[in-house]
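See below for the structure under consideration.
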Amino acid sequence: MNKTFRLILGIVGAAFLVATPQAQTATAVQSRTKTQVETLASDKFEGRLTGSPGEKLAADYIISELKRMGAKPLPGMTDFRMPFTFTAGSKDGGTTLTVTKDAGGAQTFTGAATVQALSFSDTSEATGRVVFAGYGLVVPEAQNFGYDSYAGLEVKDKIVVVLRYFPEDADQKTRAILARYADLRYKAQAARQRGATGMVVITGPRSPNSGAVVPMSFDTAIAGSGLVAASASSEAFAPIMAAAGKSLEDVQKELDGGNPHVAGFAVPGITVTLKANVIRQQQTGNNVVAYLPATTPLTGVTKPWVAVGAHYDHLGRGTTGGSLAGKDELNQIHHGADDNASGTATALAIAEAFSAQPRKRHLLVAFWSGEELGLLGSAAFVAKPPVPLDSLAAYLNFDMVGRVADNKLTVQATGTSTMWPKLLEQANIAAGFDLVLQEDPYQPTDVGSFNTAGVACLTFFTGAHQEYHKPSDTADKINYEDLVRVGELASGVVKRLMDSAEAPLFTKVEQKTETGGRAGLRLFTGTIPDYASDVKGLLLGGVIGGGPAEQAGLAKGDVVIEIAGQSITNIYDYTFALELLKIGQPAKVIYMRGSEKRETSLTPAARK
Ligand SMILES: [Zn+2]
C-alpha cells in the first residue's frame, strides 16, 4: 500500500470518528483481495489451465499487480515469467496396421477411426505372429485371486491382441478385482514383460463402444511405455479373426463369465505389422516469480531470502483430469476461487504489506503454474533454482485458504523445522485463529517440492469443501474477512523470519503415508517419484527419511529401471510394479546413478 492511500484513509477515519485507520486499512485490503479473487476466478480466465490462454491472462494480471506494488523480476532476470515445458497431451501422427497372409496378400489399415495409437505407445514399428490373449488381464499373485490371460501362451516377439475392459458377466466381486487391472497401461506392461513387441486392443461386440477404436487419452507422461500399442476397429480386426477361424462374439462370450481358465490362442497363417506414430504435444506453462529486495544491507544475514508462494493455475474446463464436476456441469469453467485464487491473493497481500515496510531479507514471491497437473511449476523451480535453495530461510505456501469456517486454520508441514510451532503461536496472538498444526510436509501441493529440496516450509489450508474441483468453486463463496486474516497471520510469520538473525533449521520428516501413487497401495517404499521427468525409468525426486528406499541406499537423482524383475520405463510401470511386491520381502532394484548401473535390495514396509 502506498503512502497517499494511507493518508486518505487516515483522513476518512478522522472525519467520521467511527473507525480507526487500521480498521479502514483492513477494509481496503479486503476489497482489494476480493477484486483479485474475483478477477482470477472470472470467466475471462477460463479456469486458468496450465499452458492455456486463460493461464497467460492470469499471469499478466498477477504481473500487473506485482508491478503496481514495486516488486521486481529476480536478480539477473528481465521478466517475471519463468517458463517450463510439459507434455499436455498426445495425438496420432498416422498409425498403420498391416495384416499379411502366409499364403500371399496383404491388407493395410490406416485412419484414426480404423487404427489409432494408444497415447502411451512408443513411436515405433513391430512385426510378428499374432496371439489372442483374451482381456490381457494379469492379477498379481498378492491379490489371492488367480487370473492370468497369458497362462499357457507364448508371446515372446509376438503381437498380442487383447480385448478392452474386463469380463462383462463376471460377478461383482470378480469385476471389482479385474477392473483394477484393466487399465490399458497395465495391460501394455503385462504384454511387454512377457516379451510381446506389440499390442492391438479391440473393443468386443459385447462391450460398450463395440468395434470402436480407443480415444487417445490425456497423458502427462513424456516417455513411451516401451511397447508399440494401438487400438483397431472391427474393420481392421476382421482379417485377424478370419485367420483365427472364430467369431469374436463367441470368443468374448466365453471369456465374459470370468472363468480364469478360458485360454487365449495363437492365430495361424498371418503376420501383423504395427507402425505406431504418437506425437506428444509439448506445451509451456509459466511460473510468475518476483521479489522485493532487502532495504538494509545483508551483511551477517544467514539465508537472505524468505519465500512465499501459491499456485495460480487450475483445471480449465476440467477436461484433462482432476475434475469432480457432476454430469450436469461437464465442460464448464472451473473457476477455482478457493483453489487457488485465494492463495494467490494472499501471497499478493503479503507482498503488498512488505512493499511498504523495511525488509532485512529479500522477499521472494512465487506464483506457480502446473500444480493441478502434478506440482510441475514448483518442481521446475526447485530443479533449476534461480536463487540458490540454501539461501532460502523458509518457504510459505498458500493453497485453498478462502473458506475459513469456525475460525479454524490448518497449517501443515510444521515438522520441517522445530521453530515453527512457537513462531506460529507468537504470530497468531494478533490473528487469533484456532490453529491446527500438522507436521506432515508430504502434502499434495507445492510445499512438497520445497520439502523435498530441504527448505523449511509451511502450507496454509482452510479445508476441503463441497465445491472442491468443481465449476461451483466461485468467488461469492469466499470468506474474505477471514482470508485477509490468513494473510495477516502469515505476514506476522514472514516479519519474524525477516527480522531474525538465524534462519529456521530444516528437519527431515519421515513419511508415514505415501502420496502420489495409486490410492489403496498397501506398501510403503519411501520413494518420491519425480513426476515432471522425461527419462526412461523412474527418476527419484527424493527418498523419505528412514524409509525402505533410503535404507536401500537409493537417493535423489537415481533412476530406477527395474524392480523385482519388472522393467520400469515410466511412473505408470512403477506404480504397477509396486502391486507385485510383498511387505517384508526384499526385492531386487536395478537403478542408474549417473551413468553407473547399480543394484540393491529394497524391503517394502507396510503402510501405516
Ligand atoms: Zn486443486
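Only one residue in Gly258, Gly264 is at pLDDT below 90 and farther than 30 Å from Ala347 by Cα. Which one? Even if it seems obvious, please write down each step before you answer.
Details: Gly264 fails: at pLDDT below 90.
Within the list Gly258, Gly264, the selection yields Gly258.
Given the criteria in a helix (DSSP H, G or I) and either on the phi > 0 side of the Ramachandran plot or at pLDDT 95 or above (or both), does Leu57 qualify?
Yes.
Pick out the one residue from Leu348, Leu324, Leu364 that is touching a residue at least 60 places away in the same chain (Cβ under 8 Å), within 16 Å of the ligand (Cβ to nearest atom) and under 25 Å from Val447 (Cα atoms).
Checking each option against the conditions leaves just Leu324.
Only one of (1) of a type outside the set (Asp, Glu); (2) open to solvent by 10 Å² or more (accessible area, probe 1.4 Å); (3) within 13 Å of the ligand (Cβ to nearest atom) is not met by Gly402, so which one is it?
In the conditions (1) of a type outside the set (Asp, Glu); (2) open to solvent by 10 Å² or more (accessible area, probe 1.4 Å); (3) within 13 Å of the ligand (Cβ to nearest atom), Gly402 misses (2) alone.
Return yes when Thr410 is within 16 Å of the ligand (Cβ to nearest atom) and in contact (Cβ under 8 Å) with a residue 60 or more places away in the chain and no when it is not.
Here the answer is no, as Thr410 does not meet what is asked.
Of the residues in region 167-209, how many are outside any loop (DSSP other than H, G, I, E, B), in contact with a Leu (Cβ under 9 Å, 6 or more places away or on another chain) and either within 21 Å of Val130 (Cα to Cα) or of a type in the set (Gly, Ala, Ser) (or both)?
14
Determine, yes or no, whether Gln426 is surrounded by fewer than 24 Cβ atoms within 10 Å (Cβ to Cβ) and within 16 Å of the ligand (Cβ to nearest atom).
For Gln426, the condition - surrounded by fewer than 24 Cβ atoms within 10 Å (Cβ to Cβ) and within 16 Å of the ligand (Cβ to nearest atom) - is not met.
Quickly run through region 327-340 and pick out the residues that are within 11 Å of the ligand (Cβ to nearest atom) and not acidic (Asp, Glu). Walk me through it before giving the result.
From region 327-340, those within 11 Å of the ligand (Cβ to nearest atom) are 334, 336, 338-340; that's our starting set.
Of everything in region 327-340, those that are within 11 Å of the ligand (Cβ to nearest atom) and not acidic (Asp, Glu) turn out to be His334, Gly336, Asn340.
Answer with yes or no whether Lys556 is at pLDDT 85 or above and either in contact with a Cys (Cβ under 6 Å, 6 or more places away or on another chain) or basic (Lys, Arg) (or both).
Spelling it out, Lys556 is indeed at pLDDT 85 or above and either in contact with a Cys (Cβ under 6 Å, 6 or more places away or on another chain) or basic (Lys, Arg) (or both).
Run Asp313 past the list (1) over 22 Å from Ala456 (Cα atoms); (2) touching a residue at least 40 places away in the same chain (Cβ under 8 Å); (3) more than 12 Å from the ligand (Cβ to nearest atom) and report the number of the one that doesn't hold.
All conditions are met except number (3).
Please enumerate the residues belonging to region 224-257 that are open to solvent by less than 30 Å² (accessible area, probe 1.4 Å), under 16 Å from Thr114 (Cα atoms) and not in a loop (DSSP other than H, G, I, E, B).
Across region 224-257, the qualifying residues are Ala229, Ala230, Ser231, Ala232, Ala236, Phe237, Pro239, Ile240, Met241.
For residues that are in a strand (DSSP E or B) and open to solvent by less than 40 Å² (accessible area, probe 1.4 Å), scanning just region 568-589, find the one that is modelled with the highest pLDDT.
Val589
Can you find even one residue in region 181-195 that is open to solvent by less than 50 Å² (accessible area, probe 1.4 Å) and more than 30 Å from the chain's Cα centre (by Cα)? Steps first, answer last, please.
Looking only at region 181-195, we keep the residues that are open to solvent by less than 50 Å² (accessible area, probe 1.4 Å), and these are 181-182, 184-192, 195.
Okay, now just the ones that are also more than 30 Å from the chain's Cα centre (by Cα), so 195.
Checking region 181-195: at least one residue is open to solvent by less than 50 Å² (accessible area, probe 1.4 Å) and more than 30 Å from the chain's Cα centre (by Cα).
Of the residues in region 533-547, how many are in contact with a Gly (Cβ under 6 Å, 6 or more places away or on another chain) and buried (at least 22 other Cβ atoms within 10 Å of the Cβ)?
Of region 533-547, the ones in contact with a Gly (Cβ under 6 Å, 6 or more places away or on another chain) are 543-544, 547.
Pick out the ones that are also buried (at least 22 other Cβ atoms within 10 Å of the Cβ) and you get 543, 547.
Looking only at that region, the number is 2.
Looking at this structure, is Leu375 of a type in the set (A, V, I, L, M, F, W, C), within 16 Å of the ligand (Cβ to nearest atom) and buried (at least 24 other Cβ atoms within 10 Å of the Cβ)? Before you say what the answer is, go through the steps one by one.
On the way: of a type in the set (A, V, I, L, M, F, W, C): yes; within 16 Å of the ligand (Cβ to nearest atom): yes; buried (at least 24 other Cβ atoms within 10 Å of the Cβ): yes.
Considered against the rule, which asks whether it is of a type in the set (A, V, I, L, M, F, W, C), within 16 Å of the ligand (Cβ to nearest atom) and buried (at least 24 other Cβ atoms within 10 Å of the Cβ), Leu375 comes out as yes.
Give the residue, chosen from Gly89, Gly104, Gly136, Gly94, that is free of Cβ contacts under 8 Å to residues at least 12 places away in the same chain and either assigned to a loop (DSSP other than H, G, I, E, B) or under 34 Å from the mean Cα position of the chain (by Cα) (or both).
The match here is Gly104.
Could we say that Ala19 is within 27 Å of Tyr291 (Cα to Cα), hydrophobic (A, V, I, L, M, F, W, C) and either out of contact with any helix residue (DSSP H, G or I) (no Cβ under 9 Å at 6 or more places or on another chain) or at pLDDT below 95 (or both) here?
no
Across region 422-432, what is the total count of residues that are under 19 Å from Thr507 (Cβ atoms) and touching a helix residue (DSSP H, G or I) at 6+ places or on another chain (Cβ under 6 Å)?
1
Can you pull out every residue in region 451-469 that is more than 16 Å from the ligand (Cβ to nearest atom) and either among the acidic types (Asp, Glu) or not in a strand (DSSP E or B) (or both)?
The initial filter retains those residues of region 451-469 that are more than 16 Å from the ligand (Cβ to nearest atom), namely 451-458.
Of everything in region 451-469, those that are more than 16 Å from the ligand (Cβ to nearest atom) and either among the acidic types (Asp, Glu) or not in a strand (DSSP E or B) (or both) turn out to be Asn451, Thr452, Ala453, Gly454, Val455, Ala456.
Of these, Asp476, Asp390, which one is farther than 30 Å from Gly318 by Cβ, of a type in the set (Asp, Glu) and surrounded by fewer than 23 Cβ atoms within 10 Å (Cβ to Cβ)? Don't jump to the end; show me each part of the working.
On the way: Asp476 fails: farther than 30 Å from Gly318 by Cβ.
Selected residue: Asp390, the only one of Asp476, Asp390 that is farther than 30 Å from Gly318 by Cβ, of a type in the set (Asp, Glu) and surrounded by fewer than 23 Cβ atoms within 10 Å (Cβ to Cβ).
Restricting the search to region 287-316, which residues are of a type outside the set (A, V, I, L, M, F, W, C) and more than 17 Å from the chain's Cα centre (by Cα)? Can you show your working first?
In the first step, residues of region 287-316 are kept if they are of a type outside the set (A, V, I, L, M, F, W, C); the result is 287, 291, 293, 295-297, 299-300, 302-304, 309, 311-314, 316.
Once the filter is applied, which keeps residues that are of a type outside the set (A, V, I, L, M, F, W, C) and more than 17 Å from the chain's Cα centre (by Cα), region 287-316 yields Tyr291, Pro293, Thr295, Thr296, Pro297, Thr299, Gly300, Thr302, Lys303, Pro304, Gly309.
Condition check: modelled with pLDDT under 95 and crowded, with 20+ Cβ neighbours inside 10 Å. Does Phe218 satisfy that?
Judged against the criteria, Phe218 is not a match.
Report yes if some residue within region 388-399 is within 13 Å of the ligand (Cβ to nearest atom) and either among the hydrophobic types (A, V, I, L, M, F, W, C) or in a helix (DSSP H, G or I) (or both); otherwise report no.
yes
Just a yes or no: is a residue in region 481-493 in a loop (DSSP other than H, G, I, E, B) and either at pLDDT 95 or above or under 25 Å from the mean Cα position of the chain (by Cα) (or both)? Steps first, please.
As a first pass, look at region 481-493 and keep what is in a loop (DSSP other than H, G, I, E, B): none.
Among the residues of region 481-493, not one is in a loop (DSSP other than H, G, I, E, B) and either at pLDDT 95 or above or under 25 Å from the mean Cα position of the chain (by Cα) (or both), which makes the answer no.
Among the residues of region 412-436 satisfying the criterion of being more than 24 Å from Phe367 (Cα to Cα) and not in a helix (DSSP H, G or I), which is modelled with the lowest pLDDT?
So the residue we want is Val436.
The values are calculated or read from the model by the stated rules, or taken from the named source; none is laboratory data. The structure presented is a predicted model; accordingly, all values stated were derived computationally and were not measured. Heads up, the Cβs are rebuilt from the backbone with ideal geometry, glycines too, and the neighbour counts pull from every protein chain shown. In case anyone asks, the SASA skips ligands and DNA or RNA and just uses the protein heavy atoms, side chains included. Shrake-Rupley method; radii C 1.70, N 1.55, O 1.52, S 1.80 Å.
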